[in-house]
Amino acid sequence: MLQDIGVTVLRQVPKHVLLGLASGAYSLHGGVVREFGGRIVAHLIQPGVASTVSGVVPGIGWIADAFQSYELWRMGLTLGRVQSQVSTVLKLATATTAISGLGVAVGIASYVALSRQVSAIGEAVRRVEAQTKRTNQFLDATHYGELQAALDDLRHAKDATSERTITDCLQSAKGQFAKIFHRAQSLWPQVESIADASALEESANVAMTGQALAMSELGEHEMALADFALHRSQWRELARTWCRQRVLREDPQRLLAPELRGAIPARELVRLMDFADLDGADSPRGIDWIDDLRDRQSKASRLKLPSFADETPALTFAQRLVARDDLLGATESHLGELARYGMSVRQFEALISKPSIAEGDTSPLWVVDRQMLDSATQPVAT
């Protein structure tokens, strides 16, 4: 076990986390375990690749080990039941991570994760450029070189030894990312094609995350959290508006049609409706949306048949926005935890990457608040 700045890194899942996941009291968003109130309970990290692992969630062998260590049969639980419930949570979290396009198992900002996203944006820009001739304004907003330059500043800050150079590079990256975010934000509502909207959304996502990372490394932890929260709120409103106008439109009931089952399963349809907030209540309705759509369907003209042409690309992008919002929420919560500890993103990554933790064991790591641990229930530390 390794302790640092108020957090503890364990090789075995803490008992309260395992029971919380098994009971449904805790949920897993990417690699961030949270209570229903949103507070971070723990981070789940696969050793050796730290927070930048692409879509990796450990197998269920550790569940059996923890079940035996904590003698959970004394609580009337069975291994099969615990494995089934926790495995379901892990599968849903993995699916969300995959759909989001972020490919990050823990919702934290990191240089490697941003590098992957910038590379993906570069490919998207080149695809759009090859498909259409009307991209001058679009490319001006998501210019691959600008994003790469901002990322280079982060890399230089990471590798530099001079404090002045580090500070200068971080300040430069912060300014560039802020400019890219606001330009992408202003153009997103204007574009028509999904390819354009996708690349602009990716740019805004990378920029707000990169700015938060730079500010975190400058020691401005509270400001990093505040700016990320503001930018995520602005991003969220753009994403919700896009879903309402371009996907749900005036006839969301058409999405119940059997022809669209493969494009958007019922679970994802409900999540989309909650995210888009079609009724303006700003509170999740869950499965009740299905009844709402059925009512709309019964009131719709039987003579007006819905068209399902080319629905899949828009629905796929909408589902990615919903999933990404989930993981961006995890990042925001994580930045809040770092601000509480006065810890930078790099310090956190160093904590979970130390050789004493990362080498010689393939079991997942659990990063938890030291004060939340019940010492009487913890396994022997390694």
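Results, tabulated for the structure shown:
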item: Sites matching trypsin sites (Lys or Arg not before Pro) across the range 223-275 that sit in DSSP coil, with at most 15 neighbouring C-beta atoms within 10 Å; result: Arg249, Arg261
item: Val33 long-range amide H proximity, modeled H, under 5 Å; result: Val41, Ala42, His43, Leu44
item: For the range 213-228, Karplus couplings with θ = phi - 60° (6.51, -1.76, 1.60), whole Hz, Gly/Pro x; result: 4, 4, 5, 4, 6, 7, x, 8, 5, 5, 5, 4, 5, 5, 5, 5
item: Residues Arg164 and Gln83, FRET efficiency given R0 of 45 Å [Cβ-Cβ distance, rounded to 0.05]; result: 0.25
item: All aspartates and glutamates inside 18 Å of Lys15 as judged from Cα atoms, apart from same-chain residues fewer than 8 positions distant; result: Glu35, Asp65, Glu71, Asp369, Asp374
item: Cα-based equivalent ellipsoid, the range 165-316: semi-axes from gyration tensor eigenvalues, Å; result: 38, 16, 11
item: For Tyr26, residues with placed amide H under 5 Å, excluding near neighbours; result: Leu21
item: Relative packing of peptides 277-286, 66-75 - highest average C-beta neighbours within 10 Å first; result: 66-75, 277-286
item: Cα centre as origin, Lys/Arg/Asp/Glu Cβ charges: the range 175-313 dipole, Debye; result: 500
item: Cβ-Cβ FRET estimate between Ser69 and Arg39, R0 fixed at 22 Å, reported to 0.05; result: 0.30
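Readers should treat all values here as calculations from the given coordinates under stated rules, not as data from a laboratory. Being a predicted model, the structure only gives us computed values, none of them experimental. As a convention, Cβ positions derive from the backbone with ideal geometry for all residues, glycine included, and neighbour counts pool all protein chains shown.
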